[in-house]
Amino acid sequence: MKSISEKIIRPMKEADSSVGRINRKLIQNIFFIDIDRPTKMNGFTPFMFEEIARAFTEYENESNALCAIVYTSGDNFCAGMDLKEMKQLLENNDHSYIKNKKYIDPLGLNKPLRTKPLIAAVKGVTFTYGLELMLAADIVIADKNTTFAMLEVKRGLLMTGGATIRFVQRAGWSNAMKYLLTGIKFNSNEALKMNLIQEQHNNEDLFTRAIELASIICKASPNAIKEIIKNARIAQENEQKAIKDFDNVQNKLIKGEDFKEGLKSFIEKREPHFKK
């Protein structure tokens, strides 16, 4: 893939900083999702919560999109929700901002769920909702200077985006509680040790690496990728069911065109070329 600038997805007109914006664009088979409220450290407003769900839904429904990258062309990934803008919804016990059943849930907690792969490229401040959004991705890469934190205990709130589940699963109980119960900050080295991120890079290489990984995914079998994500999710809740599904899923894939091409490429000792 030709070199792509981080800013190519962002419109010429600056976003209204009072509400923010989620930019998206399909380039070849990669769907780019850009969080765009840089002057407020990409703190999420009600509008942005709905827009990112719309963006995930557009990605899911776009047949030519085989992998997505969620990132920001600003200095920070996301400082969390903007409590000033979210105050009324929270006080009214209105949780529709993260439980909108019309769209794909970016956090992967409520149906409909995303079925295609997602890479998160994080940098700068990655707090609360930003960290939960990151944990909901399939692969996470981070700038070496990223700062992470879950600040809910300092605001009198519960993490409702999945961190109480995913942080514990990946880091272990005590490692997770060290940060969930204190709100203290940690760096990308700690995040890597706790399996919260998979790679760390210099800032100037982060976006390029995200595209590299997405491009590799786009060359793989789209049908196999969907089934892998689906089966791995089932295994998180019911390992035996995931195992039971192995044969049926494999038999279905073997009857498909992707397997025929995969087998042919193996015999011919070349890279496969799956229909997109």
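Taken together, the values in this text are just the output of simple stated rules run on the coordinates, not laboratory data. Note that the structure is predicted; figures quoted are calculated from it, not measured. For neighbour counting, all protein chains shown are included, and Cβ atoms are generated from backbone atoms with ideal geometry for every residue, glycine included.
How big is the dipole moment of the chain about its Cα centre under a simple scheme where the beta carbon of each Lys and Arg is +1, that of each Asp and Glu is -1, and everything else is neutral? Debye, nearest 20, please. Walk me through the numbers before you get to the answer.
On the way: 42 positive and 35 negative charges, 73 e Å.
Result for the chain is approximately 360 debye, rounded to the nearest 20.
Rank Ile197, Phe49, Ile267 by how far each Cα sits towards the positive end of the charge dipole of the chain (+1 on Lys, Arg Cβ; -1 on Asp, Glu Cβ) and give me just the farthest.
The one lying farthest along the dipole's positive direction is Ile267.
By Kyte-Doolittle mean hydropathy of at least 0.0 and Cα axial length of at least 20 Å, which whole DSSP H helices of the chain are selected?
Values: long enough: 46-61 (23 Å, -0.45); 203-219 (25 Å, 0.36); 222-237 (24 Å, -0.50); 239-254 (23 Å, -0.91).
Taking the DSSP H segments of the chain (at least 20 Å long, mean hydropathy at least 0.0), we get 203-219.
Can you tell me the Rg and Dmax of region 133-270, counting just the alpha carbons, in angstroms?
19.1, 61
Output the relative contact order of the chain, whole-number percent, from Cα pairs under 8 angstrom with separation of 6+ residues. Walk me through the numbers on the way to the answer.
Numbers: 481 pairs, mean separation 40.5, N = 276.
With pairs under 8 Å counted, the relative contact order is 15 percent.
If you build a Gaussian network model of the chain, linking Cα atoms that sit under 10 Å apart, which residue out of Glu91, Glu212, Glu152 swings the most?
Of Glu91, Glu212, Glu152, the most mobile in the Gaussian network model is Glu91.
Determine Rg/Rh for region 69-119; Rg is computed over alpha-carbon atoms and Rh is the Kirkwood hydrodynamic estimate from the same atoms.
Values: Rg = 13.5 Å, Rh = 13.1 Å.
Taking Rh as the inverse mean 1/r over Cα pairs, Rg/Rh reads 1.03.
Let me make sure I get this right: for region 1-129, a, b and c are the square roots of the gyration tensor eigenvalues over alpha carbons, sorted descending. Under 1.5 in a/c it's rounded, otherwise prolate if a/b > b/c, else oblate. Which is it? Don't skip to the answer; put the middle values down first.
Numbers: a/c = 1.99, a/b = 1.22, b/c = 1.62.
It comes out oblate by the Cα gyration axes.
How do 133-142, 163-172 rank on mean C-beta neighbours within 10 Å, highest first?
Per-residue Cβ counts within 10 Å, averaged per peptide and sorted highest first, yield 133-142, 163-172.
Once you list every other residue whose beta carbon is under 11 Å from the beta carbon of Glu199, what net charge do they have if Lys and Arg are +1 and Asp and Glu are -1? Please list the in-between numbers first.
On the way: positive: Lys144, Arg209; negative: Asp143, Asp205, Glu212.
After counting each charged neighbour, the total is -1.
Let a ≥ b ≥ c be the square roots of the eigenvalues of the Cα gyration tensor of region 6-219; is it rounded (a/c under 1.5), or, if not, prolate (a/b larger than b/c) or oblate? Write out the running numbers ahead of the final one.
Numbers: a/c = 1.39, a/b = 1.12, b/c = 1.23.
Since a/c stays below 1.5, the shape of region 6-219 is classed as rounded.
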